[in-house]
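Read the structure below first, then the notes.
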Amino acid sequence: MLKQYRVPLFELMGKLLAEQGHELRVVCGSPPPHEQSKGDNVVLGNQFCRIEKSLWFFGGKLHFLDNALSHILWGDLIITEQANKHFHNYILILFRKIHCKHFAYWGHGQNRQGNPRSWREQLKKKLSTQCDWWFAYTQGVANYIGELGYQSSKITVLNNSIDTSEFKQLLALQLPECVIQFRQSLAIGENGRIGLFCGSLYADKRIRFLLSAALIIHRKNPDFVLLVVGNGKDRILVEEFANRYSFVKYLGSLFGDRKAVAFKSAELFLCPGLVGLAILDAFTASLPLFTSDIPNHSPEIEYLQHGFNGVMTKHSEEDYAQAIVDVLESQDSLAKLQNNALASGDLFSIEKMALNFVEGIQKYFNTVG
């Protein structure tokens, strides 16, 4: 399936590849029922993207894509998501064995939220090297694939990203009076020090940890305010805290100007649990990221440089809270973190990701002649 946030990447890649005489075809399927409700999947094709019908079995654990074979036969290089669930991946492995087709993986390398000892992860690990090229989300993924014995010269590091250009424009439109009005609407005083969480509300995000740490922060710094933006299974927990403690403000899901003004009003981005691409929204808004050293972060956690553009603490509510209190008490430290966060956002742009992808594709073709 194709998420809406991926479309700008493929549009950029399509144009860059066309300039080099290549043709890009992005083939994706239809989302399973539990994904359809999210409303963030592309279901209509465009210049580069073709939507085929998907058949999902065993609760989304096995995926058959209509017409996959015809698309595989069409391409000179097939790039596929590294996932056990795709039946067409096994076709690609077979074709590679008989020297019929070349294909590349792209992805995380491993499921950081899964059990590394499970048979699924063991299978994924075994198949990870059965391809002709690798497009790794981050350098850490490239290192992992290299440790499995894959040739490093055939690995391209993408630095996975999203298109933040629209968000940058919306942030620029949030004038000081917009921020003042937003704070007043939430009964936040002039001295309020705002930490922001924005993301899905579920267990891996450590929402209960966040709320407990917020209590400690507020006890030590009564001006502290926590804004929580998002929705999910732990919404009830956040609502209960917001009803009980006035310094916790639950705003639900925000988009467009409302999301931008919330980010513009904050000083810190707080996510003690799983960190993914949200780190780029934080950096775009000049917000340093505060997280903890849990083992199941997504690869994008590599963009965090402790003490430079954010802070990573032990997974201890007291340690996490104290780190935030310390930064709020030092305007110089906070300003440096914010400036470095903004600069870091430019390092991981979607334009650079598209260039890395296209350069890797060209390098592959140069290698095979």
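The values are calculated or read from the model by the stated rules, or taken from the named source; none is laboratory data. Keep in mind it's a predicted model, so treat the numbers as computed, not measured. Because the Cβ atoms are built from the backbone with ideal geometry, glycine has one as well, and the counts that use them run over all protein chains shown. Each accessible area value is taken on the protein alone, full model and side chains, heavy atoms only, with ligands, DNA and RNA left out. Shrake-Rupley method; radii C 1.70, N 1.55, O 1.52, S 1.80 Å.
Return, ordered by residue number, the residues of region 319-349 whose backbone nitrogen is under 20 Å from a label point located 7 Å along Cα→Cβ of Lys220. So the set is 319-338. In whole percent, how big is the carbon plus sulfur part of the accessible area of the chain, probe 1.4 Å, protein atoms only? Carbon and sulfur atoms account for 52 percent of the accessible area of the chain. Using every pair of separate Cα atoms, the Kirkwood estimate puts the hydrodynamic radius of region 90-167 at 13.6 angstrom.
Can you pull out the trypsin sites (Lys or Arg not before Pro) in region 1-93 whose DSSP state is coil and whose Cβ has at most 13 other Cβ atoms within 10 Å? Kindly include the intermediate steps, with their values, before the conclusion.
On the way: sites: Lys3, Arg6, Lys15, Arg25, Lys38, Arg50, Lys53, Lys61, Lys85; in loops: Arg25, Lys38, Lys53, Lys61, Lys85.
Sparse-neighbourhood loop trypsin sites (Lys or Arg not before Pro): Arg25, Lys38, Lys53, Lys61.
For region 161-250, the fraction of C-alpha pairs farther apart than 20 angstrom is 43 percent. Loop-located GluC sites (Glu not before Pro) in region 143-236 (DSSP state other than H, G, I, E, B) with a sparse environment of at most 13 neighbouring Cβ atoms within 10 Å: Glu190. Candidate cross-link partners of Lys154 among the lysines, defined by an alpha-carbon separation under 28 Å and a same-chain spacing of 8 or more, comprise Lys3, Lys15, Lys85, Lys97, Lys101, Lys124, Lys125, Lys126, Lys352, Lys363.
Quick one: if the Förster radius is 41 Å, what FRET efficiency do Ser253 and Asn366 give, using the C-beta to C-beta distance and rounding to 0.05? Efficiency for this residue pair is about 0.35. Taking region 202-347 as the region of interest, the number of lysine pairs whose Cα atoms are within less than 16 Å, with members eight or more places apart or on different chains, is 4. If the chain linking Ser212 and Asp326 were pulled fully straight, counting 0.36 nm for each residue of separation and taking away their Cα-Cα distance, it would gain 39.3 nm.
Which order do His108, His63, His34 take by accessible area at a 1.4 Å probe, largest first?
Result, largest first: His34, His108, His63.
Can you pull a Stokes-Einstein diffusion coefficient for region 227-369 at 10 °C (1.306 mPa s), Rh from Kirkwood over Cα pairs, as a whole number of µm²/s? Approximately 94 µm²/s, per Stokes-Einstein. Consider the candidate values [x] 65, 45, 44; [y] 68, 44, 37; [z] 81, 44, 33; state which one is Cα extents along the principal axes in Å computed from the structure displayed. Read-out taken from this structure: [y].
Starting from the Cα of Leu55, step 7 Å toward the Cβ, then list every residue of region 2-33 with an amide N under 18 Å from that point. Under 18 Å, as judged by backbone N against the label point of Leu55, lie 28-33 of region 2-33.
Local charge for Leu24 was computed over the other residues whose Cβ lies under 15 Å away, with Lys and Arg +1 and Asp and Glu -1, and equals -1.
The distance separating the Cα centre of region 1-49 from that of region 280-351 comes to 31 Å.
Looking at region 169-274, the trypsin sites (Lys or Arg not before Pro) that sit in a DSSP loop and have at most 16 other Cβ atoms within 10 Å of their own Cβ are Lys233. Sorting Glu329, Glu35 on solvent-accessible area from highest to lowest, probe radius 1.4 Å, gives Glu329, Glu35.
Compared with the direct C-alpha span, the chain from Val7 to Ser153 gains 49.7 nm at full extension, assuming 0.36 nm per residue.
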